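What follows is a short report on a single structure.
Where a number appears in this text, it was derived from the coordinates with a stated rule and is not lab data. Just so it is clear, the model here is predicted, and its values are computed rather than measured. Please note: Cβ atoms are built from the backbone with ideal geometry, for glycine as well, and neighbour counts cover all protein chains shown.
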């Protein structure tokens, strides 16, 4: 399955515990556009929604670890698989 770069961004955010509105805002897109992209990601992964996508991601071996982002009152901290960190 091939994802576009934007679909990859959406997938990364779908696998976090962030709210839909926050995910769309991070990408600078509307909720309607977010829904279009999530539908494409779900279809390409053969799932019906976010929960099923999360369950599938847990069950499958991840070939390439994704960065983890922590959101707090002092901003965000992203920890990359190679140990690099970014604050914003």
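Shape analysis of the chain yields a ratio of the Cα radius of gyration to the Kirkwood radius, Rg/Rh, of 0.96.
For 10, 36, 47, what ranking results if the residue with the fewest other Cβ atoms within 10 Å of its Cβ goes first? Let's see the in-between values first.
On the way: 10 25, 36 13, 47 16.
With the sparsest Cβ surroundings first, the list reads 36, 47, 10.
Dividing the summed helix terms, -39500 (n - 2.57) for each DSSP H run of n ≥ 4, by the number of residues in the chain produces a 222 nm estimate of -14500 deg cm²/dmol to the nearest 500.
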